[in-house]
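The values are calculated or read from the model by the stated rules, or taken from the named source; none is laboratory data. Remember, it's a predicted structure, so these values are computed and weren't measured experimentally. As a convention, Cβ positions derive from the backbone with ideal geometry for all residues, glycine included, and neighbour counts pool all protein chains shown. Surface areas here come from the heavy atoms of the whole protein model, side chains and all, with no ligands, DNA or RNA. Shrake-Rupley method; radii C 1.70, N 1.55, O 1.52, S 1.80 Å.
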Amino acid sequence: MKKTLLILFILVVNISYGQEISKTQLESDFLEYSNLISKGEFEKAVDFMPTYFWSVYKKNEFLTKMERVAKQMDSISINNFKIVNISEIIKSKNKKFKIIVYSSDVEFDFSKTPERVIEQYKSQFGIKNVKIDTINKLIKIKNNSQMVSVFDEKLKKWKYLEYNPHIIKRVYGIETQAELKKHVR
């Protein structure tokens, strides 16, 4: 009986310890990834993206698009970055996913930004979360978004991808996109 209890205790400790390491690693890597994005260090940031993503998208083309968007958002500043929530593991098509809800304050010069894009920001983030400072030509956005983390079994690491239903569907399929959508706020 004592031996059974000891084995059960060891299993519980190992499972709990393993989950804590995974959560800690997920949070610290996510914060590092986000920091690289905010600094415009896209070549380093893409190493934190899912390996399988690159079987669908070409890395050089993706980097070019990221750099083009960054130039449009001249002198971007991302502050008050916080992880709000991390979901439990979501399993789909033999892969493990988590949804990370995060918030941040984004500020950038909007003088090169077309009006239609500003309207898209208002639609995406909500009118009350988008403030225009016409004197200093700054746009300030209170961002609340979701990120999908995908566990890479080979690397034993979580990888990150901004939640975009079209990209998720293209990379992981409609079933996974539908499953993840259930967990997005």
Quiz prompt | With at most 15 other Cβ atoms within 10 Å, longest stretch of the chain clear of loop GluC sites (Glu not before Pro) (DSSP) | solution = 89-152
Quiz item: Based solely on its DSSP helices, what 222 nm [θ] is calculated for the chain when runs of n ≥ 4 H residues each add -39,500 (n - 2.57) and the sum is averaged over all residues, nearest 500 deg cm²/dmol?
Solution: -14500 deg cm²/dmol
Quiz item: Taking a ≥ b ≥ c as the square roots of the eigenvalues of the Cα gyration tensor of segment 48-125, is the shape rounded (a/c under 1.5), prolate (a/b larger than b/c) or oblate?
Solution: oblate
Quiz item: By how many degrees, between 0 and 90 and to the nearest 10, does the Cα long axis of helix 59-72 differ from the longest principal axis of the chain?
Solution: 50
Quiz item: Which label marks the calculated value of Rg and Dmax of the Cα atoms in Å, given the options (i) 19.4, 75; (ii) 21.5, 74; (iii) 16.4, 52?
Solution: (i)
Practice problem: Just subtract the alpha-carbon distance of residue 58 and residue 138 from 0.36 nm times their residue separation and send over the number in nm, one decimal. | Solution: 25.5 nm
Quiz prompt | Where the chain is the region considered: accessible area per residue in Å², 1.4 Å probe | solution = 65
Quiz prompt | HN-Hα J in Hz across segment 156-173 - Karplus 6.51, -1.76, 1.60, θ = phi - 60°, x for Gly and Pro | solution = 6, 9, 8, 10, 10, 8, 4, 5, 9, x, 5, 5, 4, 4, 5, 7, 10, x
Self-check item: Contour excess over end-to-end distance, with Cα ends at residue 103 and residue 155 and 0.36 nm allotted per residue
Solution: 16.0 nm
